[in-house]
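A.B. asks: My questions will all concern the structure given below.
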Amino acid sequence: MQEDQMGAYNQAKRTAVYKVRKSDLLQINVKSLDPNTSTQEFFMGETGSGIAQGGASGSGSPQLFMTSYLVDEKGMIDLPIIGKLKAEGKTLDQIAQEIESEVKQQAKYSKVSVKLSNFRVNVIGEVNIPGTQYIFDTDYTLFHALANAGDLTDFADRTRVRLLRNIEGQTKSFWFDLTDPNVLSSDHLFLLPGDMILVDPLKAKINRNNAQNLTIGISVVSLLVTIISVTSR
């Protein structure tokens, strides 16, 4: 790949930022450099990877399940010391900043990070390993998803890769042509939770399948005609 094309990938920017929804699972980590406070221990869960054990349930890593917080039907999360906090409709950075401002009242030298435990995407169609992928990398792109799906099959149409994304309750479609170098600077290269990638088949495969179905149909009709002829004698 040429250097200017690689540069296009480096310049790709996120044009959509995920906002937390109801039923999301949030992994919240607090780090403190203050040796004179017990708040750090309180906020750390038994596994040492969360700010306590949440009561949420779902698929994915059991450890993340045990240390994540469920965004309830009212869009709230319930945290130790802090109490209830509005999460729905906010970005992860916004939630982290709000929690950090509260934590610093107990532990001055603290830093809070918030991640989405239920970040998953679905890849279907002409890939070798279709299915659901659980993501633990915020910089996850279309190419990462296709690579983890075992790459495209021989019958994949590389000019027709579709991204389905829920935007404010509506499903939007975005098309990618993987043979075009400009795909590396696409506005939608970075994936968001809940995205679905659909790889279309080549027309040759569609035509082949149609021909096979036609052959089967003709065979069935011929068999029925033969049976009718025999029974009517």
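The values are calculated or read from the model by the stated rules, or taken from the named source; none is laboratory data. Quantities reported herein were computed from a predicted structural model and do not represent experimental measurements. Methodologically, a virtual Cβ is constructed for each residue, glycine included, from the backbone with ideal geometry; neighbour enumeration extends over all protein chains shown. Accessible surface is based on the protein model in full, side chains and every heavy atom, while ligands, DNA and RNA are left aside. Shrake-Rupley method; radii C 1.70, N 1.55, O 1.52, S 1.80 Å.
A.B. asks: Could you compute the FRET efficiency for Ile129 and Lys84, with r as their C-beta to C-beta distance and R0 at 45 Å, rounded to 0.05?
C.D. replies: Working: r = 41 Å, r/R0 = 0.91.
The pair Ile129/Lys84 has a calculated efficiency of 0.65.
A.B. asks: Given a cut-off of 28 Å, name the pairs among Lys84/Lys115; Lys86/Lys111; Lys19/Lys111; Lys19/Lys203 whose C-alpha atoms lie farther apart than that in the structure shown. Present the calculation step by step, with values, prior to reporting the outcome.
C.D. replies: On the way: Lys84/Lys115 18 Å; Lys86/Lys111 19 Å; Lys19/Lys111 21 Å; Lys19/Lys203 38 Å.
Check vs 28 Å cut-off fails for Lys19/Lys203.
A.B. asks: Select from Met196, Ala147, Tyr134 the residue farthest towards the positive end of the dipole of segment 132-202; place +1 on Cβ of Lys and Arg, -1 on Cβ of Asp and Glu, and compute about the Cα centre.
C.D. replies: Met196
A.B. asks: Measuring with a 1.4 Å probe in the full set of protein chains, what accessible area per residue, in whole Å², belongs to segment 112-157?
C.D. replies: On the way: 2130 Å² over 46 residues.
Dividing the accessible area of segment 112-157 by its residue count gives 46 Å².
A.B. asks: Each label point is 7 Å from the Cα along the Cα-to-Cβ direction; what then is the distance between the points at Thr153 and Lys111, in nm?
C.D. replies: 4.6
A.B. asks: Within the set of other residues whose C-beta is less than 9 Å from the C-beta of Lys74, count the net charge using Lys and Arg as +1 and Asp and Glu as -1.
C.D. replies: Within the 9 Å Cβ shell, the charges total 0.
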